[in-house]
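The values are calculated or read from the model by the stated rules, or taken from the named source; none is laboratory data. Keep in mind that this is a model prediction, so the values were computed, not measured. Positions of Cβ are generated from backbone atoms using ideal geometry, with glycine treated the same way; all protein chains shown enter the neighbour counts. Protein only, heavy atoms only, side chains kept; ligands, DNA and RNA dropped before computing areas. Shrake-Rupley method; radii C 1.70, N 1.55, O 1.52, S 1.80 Å.
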Amino acid sequence: MNLGIYVHIPFCVSKCLYCNFYSENKLEYINDYVLALTKEIKRESKKYTQYSIDTIFIGGGTPSVLPAGCVSLIVNAIKQNYNVLPGAEITIEANPNSINYTNSAEWFSAGVNRVSVGVQTTSNRVLKIIGRTHTYQDFFKAIDDLKSVGFKNINADIMIGLPTQKQNELKATLRQCFGMGLTHISAYTLILEEGTPMCGLVQQKKLKLPSEEKTLGMFKYLLKHTELNGYNRYEVSNFCLPGFECKHNLNCWNMVPYVGFGCAAHSFVENFRFGNISNIERYIKLINQGKSVKAFNEELTVNQLIEESIMLNLRTTKGINLKDLKQKYGYDLLKEKSLEVMELQKLGLIKLENGYLFATTEGFYVLNQIILKLVD
Ligand SMILES: C[S@@+](CC[C@H](N)C(=O)[O-])C[C@H]1O[C@@H](n2cnc3c(N)ncnc32)[C@H](O)[C@@H]1O
Ligand code: SF4
């Protein structure tokens with residue numbers, strides 16, 4: 001059976017105003033953290049001897065701030081202790097101003113074969129407003145460095161609905177990503193997370209978000225132009241050239257098991273969801289004492305598994321494999337929800353084709369309402 005591995009790097013040089021992911025500026029802990037991480041990777045390996053690893057995702061935080069040698073240490077610790085399949089997808093997340101020729105070359109020779117670069121926008125004006133520390137020029141150079149060492153599969157994370165962002169700026173961002181021949185674009189609509197500095201600034205009217213209508217207009221522009229340029233939408237926010245889907249994320253939406261290592265990393269294995277503590281110092285201390293770093297561990301009931309499958313599968317354009325759902329959990333969605341399915345079909349929000357139930361483009365705009373109808 002296949003298993004994905006996620007590794008969390010909880011360090012960022014500075015915090016972006018909108019971000020709610022677990023990361024801190026405690027760079028002085030990096031070396032101890034990476035050592036603890038390799039210990040966790042090794043000590044947990046006994047539990048996963050029956051699995052083959054088809055994807056590894058080193059995410060953050062900002063993995064590209066790791067000093068020379070760290071990424072190789074992490075990848076080697078995984079390769080030495082797990083059955084990593086030849087050709088496994090190995091992704092690293094990176095920020096434009098911490099990518100350079102030297103670290104790109106190290107990642108490439110360690111076996112990393114996919115890089116996800118967070119640019120968010122190529123407007124230097126908007127980058128400054130949202131608290132990013134890089135410029136468009138850094139992004140351009142980063143892509144150049146990555147390509148020059150041999151990377152062919154490169155994603156850009158971009159954002160829509162950023163404070164004061166204009167459609168022209170999104171157009172330029174997309175044009176530049178297409179022009180660089182990037183294989184993948186993740187386009188996230190800004191979520192104003194409670195407790196982030198941006199949320200406070202918007203509430204105090206010190207920052208202004210584009211209207212819902214403008215944000216929707218930008219998203220529609222993105223849908224049209226990604227398609228015109230040969231990118232296929234395979235998930236709510238993810239677009240790629242043919243064959244360049246992110247296997248790791250696709251597996252998560254398809255309920256393939258994955259195990260997470262490092263602070264705040266989550267796992268889904270054998271119907272259990274569990275996750276590690278979000279505290280760098282405690283994580284290092286507990287690992288060095290040989291103690292558990294789990295913050296929670298929950299076994300999902302069959303009903304929860306069915307709900308999660310429906311919720312996660314529907315994020316993908318392929319949708320829910322109805323036969324699979326029935327085989328795995330004995331649940332016949334078409335029978336149990338026949339009225340709801342009929343109603344959603346009539347409204348043009350979902351379709352049934354070749355044994356799959358999936359949201360239409362119109363349906364994706366109201367995905368949460370569809371999910372609410374299809375789960376109890
Ligand atoms: C957790 S970050 C890690 C990657 C890297 N540190 C970076 O900033 O590019 C992954 C992506 O999540 C997206 N993201 C983070 N906070 C978000 C928010 N509040 N709303 C929408 N997207 C968000 C950004 O596009 C970001 O690139
Ligand atoms: S968006 Fe990326 S760089 Fe910015 S704070 Fe979050 S994880 Fe760090």
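Keeping all protein chains in place, calculate the accessible area per residue for the chain (probe 1.4 angstrom), answer in Å². Write down the numbers at each step before the final one.
Details: 17650 Å² over 376 residues.
On a per-residue basis, 47 Å².
Ignoring ligands, DNA and RNA, what percent of the accessible area of the stretch 302-374 is carbon or sulfur (1.4 Å)?
On the way: 2150 of 4230 Å².
Here carbon and sulfur together make up 51 percent of the probe-accessible area.
Can you give the net charge of the other residues whose Cβ lies under 13 Å from the Cβ of Glu227, counting K and R as +1 and D and E as -1?
Details: positive: Lys220, Lys224, Arg233; negative: none.
Within the 13 Å Cβ shell, the charges total +3.
With +1 on each Lys and Arg Cβ and -1 on each Asp and Glu Cβ, how big is the dipole of the stretch 2-253 about its Cα centre, in debye rounded to the nearest 20?
Once rounded to the nearest 20, the dipole reads 400 debye.
Quick check: the distance between the Cα centres of the stretch 169-237 and the stretch 69-103, to the nearest angstrom?
Between the Cα centres of the stretch 169-237 and the stretch 69-103 lies a distance of 28 Å.
If Lys and Arg each add +1 and Asp and Glu each add -1, what is the summed charge of the other residues whose beta carbon sits under 13 Å from the beta carbon of Ile287? Intermediate results must be reported in sequence, preceding the final value.
Values: positive: Lys39, Lys42, Arg43, Arg282, Lys285, Lys291, Lys294; negative: Asp32, Glu40, Glu44, Glu281.
Charge balance in the 13 Å sphere: +3.
Assuming a ≥ b ≥ c are the square roots of the Cα gyration tensor eigenvalues, decide whether the stretch 1-120 counts as rounded (a/c under 1.5), prolate (otherwise, with a/b larger than b/c) or oblate. Walk me through the numbers before you get to the answer.
Working: a/c = 1.74, a/b = 1.51, b/c = 1.15.
It is prolate, given that a/c is not under 1.5 and a/b is the larger ratio.
In whole Hz and in residue order, list the ³J(HN,Hα) couplings for the stretch 131-138 that follow from phi through the Karplus curve 6.51 cos²θ - 1.76 cosθ + 1.60, θ = phi - 60°; x for Gly and Pro.
3J(HN,Hα) across the stretch 131-138, in whole Hz: x, 7, 9, 10, 10, 4, 4, 4.
Below 8 Å between Cα atoms, with a sequence gap of 6+, how large is the relative contact order for the chain in percent?
So the answer I get is 15 percent.
Over all alpha-carbon pairs of the stretch 109-175, lay out the pair-distance distribution in 5 Å bins, whole %, shortest bin first.
Using 5 Å bins, I get a P(r) of 4, 16, 27, 22, 15, 10, 5, 2, 0 for the stretch 109-175.
Given 10 Å bins starting at zero, what is the percent of C-alpha pairs of the stretch 302-374 in each, up to the one with the largest pair distance?
Going out from 0 Å in 10 Å bins, the stretch 302-374 shows 21, 62, 17, 0 percent.
Accessible area of the stretch 217-278 with a 1.4 Å probe: how many percent of it is carbon plus sulfur?
Values: 1280 of 2370 Å².
Percent of accessible area from carbon and sulfur atoms in the stretch 217-278: 54.
Before rounding to the nearest 500, sum -39500 (n - 2.57) across all DSSP H runs of length at least 4 in the chain and divide by the residue total; then give [θ] at 222 nm in deg cm²/dmol. Write down the numbers at each step before the final one.
On the way: 16 runs with 156 residues, N = 376.
The per-residue figure over the chain is -12000 deg cm²/dmol.
Can you pull the Kirkwood radius for the chain, inverse mean 1/r over Cα pairs, to one decimal in Å? Mind dumping the intermediate values first?
Numbers: mean 1/r = 0.0456 Å⁻¹.
Across the chain, the inverse of the average 1/r is 21.9 Å.
Take the Cα atoms of the stretch 49-89, find their three principal axes, and give me the spread along each one in whole Å, biggest first.
33, 17, 16
With just the Cα atoms of the stretch 194-280, tell me how far they stretch along each of the three principal axes, in Å, largest first.
Between the extreme Cα coordinates on each principal axis of the stretch 194-280 lie 43, 41, 20 Å.
Which one, Phe244, Phe139, Ser211, is farthest towards the positive end of the dipole of the chain when Lys and Arg carry +1 and Asp and Glu -1 on their Cβ?
Farthest along the dipole direction, towards plus: Phe139.
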